[in-house]
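See below for the structure under consideration.
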Amino acid sequence: MNLPTGQHDAAVGRSLGDVNTPALLIDAEGLERNIKTMAAITANAPGRLRPHCKTHKSIRIARTQIEAGAQGVCCAKLSEAAAIASGGVDDILITTPIVDRTKLEQLAALARVSKIAVVFDDASSLSGLAAAAEKAQRAIEVMIEVDVGQGRCGVPPGTAALKLVEELRGFPALRFRGLHGYQGKLQMVAKYEERRRGVRQALDLLLETAEHIRRAGHSLKILTGGGSGTVAIDIACGSLTEYQPGSYVFMDANYRKIEWDELGNPPPFTNTLTVMGSIVSRPSKDRAVIDVGWKSASCDSGPPVPVDDTLTFDFAGDEHGIVKRRDGASLDLNLGSQLNLIPSHCDTTVNLFDTAHVIRAGRVEAIWAIDGRGCSR
């Protein structure tokens, strides 16, 4: 697998020591392995791989995933889908309902050039979606969102989805494809057996809903959901027709904590994303200040973790962090020393950067734009 090159930058071809910090780094070889590993895991599965772009927000990575066998991608928001579609990715499921007039106009424009599917959970949104499809002069595929335990969007499991299918009869510009059921709270449940039980319960709710629809005589082709922490369980259960893992391309410090299987093995994916910072102050022998703060590493899932596990990191404001030795001893760090930190949450950290430095064998191979950076509408 050859990852595509990105825009030219003065740092390309130079060593890590020449990278201006804070910087988002992607390990090229690790990324390639992770994409190949997921492709192999899903190759003979009963469902197809539709990875989520909300993690990487990158046209290049999305295209590489499709080249490795993914049938299409997911995007969390319409603007994110537009950014990814602008690079030629033309099979996208948008996993947040679209209801307001401005977004519906944008959906119509996007549907003219790309195959787009959207989720919905309220009959009152159908007229707007249908108008967008008619304006695009192209059918828009729709998935009914079912709340299988996330407690966020979605109709309750059971007969509520059937009522929406029947409402769809009045909108020929919309094509019903199936059900979307995502249980994100399960993805990083550390214990395998607890996570497996949760997945089984969520899938049972989705299957129960699908059965109501099928018994009423309606065709239902797609059951889509899952994530990086549950994909192996989703495959073993055999219920989903599409899998939506996202974080597997990068992983993060929290994903390192989960048991992948009943033997307690770690996930078969490596941490390929780091934030590199530089030491900018040495106020005391046991404390160093690094130029990584809340603005360059997300804190929603805790602080990032130093790659060097003898060190600790704590936030010290917007622009700074504090580095210490875990044993409290003096630090062997000079001004300008560079340190790599594994984000606690890869998705939200990626969204803090305009570009990522792609690293191979200790040198900068390319600079990639984060194409969907800030696309939260």
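Every number in this text was worked out from the coordinates using simple rules, so none of it is lab data. On a predicted model such as this, the values are computed, not experimentally measured, just so you know. Neighbour counts run over all protein chains shown; Cβ positions are idealised from the backbone, glycine included.
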Under 10 Å from the Cβ of PRO157, count the other residues' Cβ atoms, weight Lys and Arg +1, Asp and Glu -1, and hand me the total.
-3
If you count, for each residue, the other Cβ atoms within 10 Å and average over each peptide, how do 62-70, 308-316 line up from highest to lowest?
62-70, 308-316
Nearest-0.05 FRET efficiency for ALA139 and ALA109, computed from C-beta distance (R0 22 Å):
0.90
If you add up the charges near LYS54, with Lys and Arg at +1 and Asp and Glu at -1, over every other residue whose beta carbon is less than 10 angstrom from its beta carbon, what do you get?
0
Too long at a 18 Å Cα-Cα cut-off: which of LYS77/LYS163; LYS77/LYS135; LYS103/LYS185; LYS285/LYS324?
LYS77/LYS163; LYS77/LYS135; LYS103/LYS185
Per the 1/(1 + (r/R0)^6) rule, R0 = 56 Å and r from the Cβ atoms of ALA216 and GLU319, FRET efficiency to 0.05 is 0.45
So ASP309 and ALA160, fully extended at 0.36 nm per residue minus their Cα-Cα distance, gain in nm 48.7 nm
I'd like the FRET efficiency for ALA329 and ARG152, computed as 1/(1 + (r/R0)^6) with the beta carbon distance as r and R0 of 41 Å, rounded to 0.05.
0.35
Take the alpha-carbon centre of region 82-135, take the same for region 249-308, and report the distance between them in whole Å.
36
Sort all Cα-Cα distances of the chain into consecutive 10 angstrom bins from zero, then give the percent of pairs in each bin up to the one containing the longest distance.
5, 23, 30, 24, 13, 5, 1, 0
If you take every residue apart from LEU240 with its C-beta less than 11 Å away from the C-beta of LEU240, what net charge results, scoring Lys and Arg +1 and Asp and Glu -1?
0
Roughly how many nanometres apart are two label points built 7 Å out from the Cα toward the Cβ at GLN338 and GLU29?
1.7
Quick check on the chain: of the DSSP beta bridges with both residues there, what percent are antiparallel, nearest 5%?
50
For LYS295, the aspartates and glutamates lying under 15 Å Cα to Cα, once residues fewer than eight places off in the same chain are dropped, come out as ASP314, ASP318, GLU319, ASP347, ASP354
Sum of -39500 (n - 2.57) over DSSP H runs of 4+, divided by residues of the chain (222 nm, nearest 500):
-8000 deg cm²/dmol
Packing rank of 41-53, 123-135, where each peptide gets the mean count of other beta carbons within 10 Å, highest leading
41-53, 123-135
Separation of the LYS36 and ARG197 label points, Cα + 7 Å toward Cβ, nm
3.8
Give me ASP204, ASP100 sorted ascending by neighbouring Cβ count inside 10 Å, so fewest comes first.
ASP100, ASP204
Table column - 3J(HN,Hα) (Hz), region 293-299, Karplus curve with 6.51, -1.76, 1.60, x for Gly and Pro:
x, 4, 7, 10, 8, 5, 10
If you average the sequence gap of Cα pairs under 8 Å that are 6 or more apart and divide by the length of region 29-250, what percent do you get for the contact order?
21
If you place +1 on the Cβ of every Lys and Arg and -1 on the Cβ of every Asp and Glu, how big does the dipole about the Cα centre of the chain come out, in debye to the nearest 20?
520
Beta bridge orientation in region 171-312: antiparallel %, DSSP, nearest 5:
30
